[in-house]
1. Is there any pair with a first residue in segment 157-175 that is under 27 Å from residue 10 (Cβ atoms) and a second that is among the charged types (D, E, K, R) and not in a loop (DSSP other than H, G, I, E, B) whose Cβ atoms are under 7 Å apart and which are 6 or more apart or on different chains, and what are they?
2. When you go through (1) within 15 Å of the chain's Cα centre (by Cα); (2) closer than 30 Å to residue 135 by Cβ one by one for residue 59, which number turns out not to apply?
3. If you check residue 57 against the conditions, is it more than 17 Å from residue 182 (Cα to Cα), surrounded by fewer than 18 Cβ atoms within 10 Å (Cβ to Cβ) and touching a residue at least 24 places away in the same chain (Cβ under 8 Å)?
4. Within segment 17-53, track down each residue that is touching a strand residue (DSSP E or B) at 6+ places or on another chain (Cβ under 8 Å), open to solvent by less than 70 Å² (accessible area, probe 1.4 Å), outside any helix (DSSP H, G or I) and in contact (Cβ under 8 Å) with a residue 40 or more places away in the chain.
Amino acid sequence: MVDNDCHRVVNEFPVVKAVNKAGFPAPDALWLETGHPTLPGADFFVMRRSTGSVQGTVFGGSEPLSADLVTSLANTVGRLHKLRPLTELGNLNESIQTELWTLPLDEVIRRYIAEYYAYFLKDRVSTVPSLAAVYKCLLANVPPCHDRPVLVHGDLGLHNLLFENKSLKVVLDWEMAHIGDPMEDVAYIRNTANASLDWDAFV
């Protein structure tokens with residue numbers, strides 16, 4: 001609905017590097033290429049090939065996840081949200097700013113929604129009045145929450161997870177990563193993969 005900067009690999013690359021260095025199963029990103037005069041197309045980065053295979057698409061799983069995979073997925077999500085603040089990323093983009101790590105979570109959430117609302121108003125990709133109403137409703141109803149903001153993946157569907165044997169090996173595609181509420185990732189899994197996993201076991 002909005003044309004934001006989330007798919008700029010120049011922003012994604014340092015996140016992948018930092019998360020991998022912190023010991024989380026992200027790809028091993030090798031180098032970023034922004035000056036490619038002999039290659040057509042956009043900027044890109046190269047990473048070491050990861051093992052494993054996906055177990056579904058953004059719309060759900062190809063088959064139910066085993067109990068071992070459900071446990072591995074839950075543990076991996078928990079590990080992500082327990083990472084220390086990755087302050088070395090600095091002021092990378094609007095949703096990864098040094099000061100966000102120290103703000104109350106409800107203020108971070110409010111800023112994230114406002115960022116998307118600003119994109120919507122600026123780019124006018126879709127002139128749908130109901131979307132403006134949704135943004136205003138969300139901004140007016142951010143629940144009070146003083147938990148610690150964490151790094152959120154933002155796209156934790158089965159299409160971005162590589163499983164091998166009985167465990168989750170690698171989490172791919174970090175272009176939507178931002179500082180925010182860990183429940184965003186949990187809700188995304190609920191919305192996209194719920195039919196493929198034992199939700200009670202996952203929780």
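The values are calculated or read from the model by the stated rules, or taken from the named source; none is laboratory data. None of the values given here were measured: they were computed from a predicted structure. We place every Cβ from the backbone using ideal geometry, glycine too, and count neighbours over all the protein chains shown. Heavy atoms of the whole protein, side chains included, go into the accessibility calculation; ligands, DNA and RNA do not. Shrake-Rupley method; radii C 1.70, N 1.55, O 1.52, S 1.80 Å.
1. Taking only residues 6 or more apart or on different chains, the pairs are 162/169; 174/12; 175/12.
2. Going through (1) within 15 Å of the chain's Cα centre (by Cα); (2) closer than 30 Å to residue 135 by Cβ one by one, residue 59 breaks only (1).
3. Numbers: more than 17 Å from residue 182 (Cα to Cα): yes; surrounded by fewer than 18 Cβ atoms within 10 Å (Cβ to Cβ): yes; touching a residue at least 24 places away in the same chain (Cβ under 8 Å): yes.
When the stated conditions are applied, residue 57 passes them.
4. 24, 25, 26, 27, 50, 52, 53 - these are the residues of segment 17-53 that are touching a strand residue (DSSP E or B) at 6+ places or on another chain (Cβ under 8 Å), open to solvent by less than 70 Å² (accessible area, probe 1.4 Å), outside any helix (DSSP H, G or I) and in contact (Cβ under 8 Å) with a residue 40 or more places away in the chain.
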